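What follows is a set of notes on a single structure, which appears directly below.
Since every read-out is calculated from the coordinates, none of them should be taken as a lab result. In this text, all values refer to a predicted model and were calculated from it rather than measured experimentally. Positions of Cβ are backbone-derived with ideal geometry, glycine not excepted, and every protein chain shown enters the neighbour counts.
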Amino acid sequence: MNIKNKIFLGIVTILITSCAAIPKQVVDAVQKQKTEIANIKLVYFKNLMNQLETIEKYEYMFIDLYEKQMIQKYTHAPNVVNNQFKNGDPTGDKNIDFINMAHLEEIQNTFTKLRNDVKRDIEKRKENINLLNKNFENIEQLNNAVDEYMQSLIHVKEAQDKLAQSIKSKLEKLIPIPINFENLPDQNTIEEIINNLKK
C-alpha cells in the first residue's frame with residue numbers, strides 16, 4: 001500500500017470517528033417527553049370530558065327546574081267568586097289545578113328549544129375536544145418520529161464506531177504510527193517513521 005492510500009485511510013478514519021454523538025440526556029429527554037405527553041393527554045381529555053358532562057347535566061337540570069317554575073306560575077285552581085269563575089291560587093292537587101293550554105304549549109316549545117340548544121352546544125364542544133385530541137395525536141406522532149430518528153442516529157453512531165475501530169486496527173497493522181491523539185509520539189520519532197516509509 002503506498003503512502004497516499006495510507007494517508008487517505010487516515011483521513012477517512014478521522015472523518016468517520018469525528019461524527020458528533022447524541023448526548024444521552026437528549027435521548028432521555030425525548031423518552032421522558034413521550035411519556036409526559038401520553039400522561040397529559042390522558043388526564044387532560046378525561047378531565048375535559050368530565051367537565052363537559054357536568055356542564056351538560058347542570059344545564060339540563062336548570063332548564064327542567066325553570067320549566068317547572070314557569071308551569072307553576074301559570075297553573076291556577078278554579079275559584080268561584082260571586083258566581084264568576086276566576087283563576088285562583090294553585091292548590092298543588094293535579095286533579096284540581098289547571099293551566100291554559102296555550103301557555104303550556106308555549107312553555108314546552110321554549111324549553112324544548114333550550115334543550116336542543118344545549119345539545120348542539122355540547123356536540124360542538126365535543127367536536128372541538130376531538131380536534132384538540134387530533135392535535136395531541138399529531139404531537140405524539142412528531143415526538144415518536146424524533147425518537148425513532150434519535151434511535152437510528154444512535155445505531156448509526158454505533159456502526160460508525162465499529163467501522164472506525166476496524167479501520168483503525170487495520171491501519172495500525174499497516175502504519176506503525178499510533179492513530180490515537182492521546183499517544184502521539186514526539187516529532188523526532190514521526191520524522192524517523194516517515195523516513196522509514198520512504199525507503
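Observations
- Residue by residue, region 106-115 carries 3J(HN,Hα) couplings of 5, 5, 5, 4, 4, 6, 5, 4, 4, 5 Hz when phi is fed to the Karplus relation 6.51 cos²θ - 1.76 cosθ + 1.60 (θ = phi - 60°); x denotes Gly or Pro.
- Counted by Cβ distance under 14 Å from residue 45, the other residues give a net charge of +1, where Lys and Arg count +1 and Asp and Glu count -1.
- Computed from label points 7 Å out along Cα-Cβ, the spacing between residue 28 and residue 151 is 1.9 nm.
- Restraint check, 68/94; 46/134; 41/134; 94/119; 34/124; 24/157, Cα-Cα greater than 20 Å: 94/119; 34/124
- Annotation for residue 42 and residue 114: the two label points, set 7 Å from Cα along the Cα-Cβ direction, are 4.0 nm apart.
- Residues in region 120-133 carry Karplus couplings, in order, of 4, 4, 5, 4, 5, 5, 5, 4, 5, 5, 5, 5, 5, 4 Hz; the curve used is 6.51 cos²θ - 1.76 cosθ + 1.60 with θ = phi - 60°, and Gly or Pro positions show x.
- For region 66-75, the Karplus equation 6.51 cos²θ - 1.76 cosθ + 1.60, evaluated at θ = phi - 60°, returns couplings of 5, 4, 4, 5, 5, 5, 5, 4, 9, 8 Hz by residue, with Gly and Pro reported as x.
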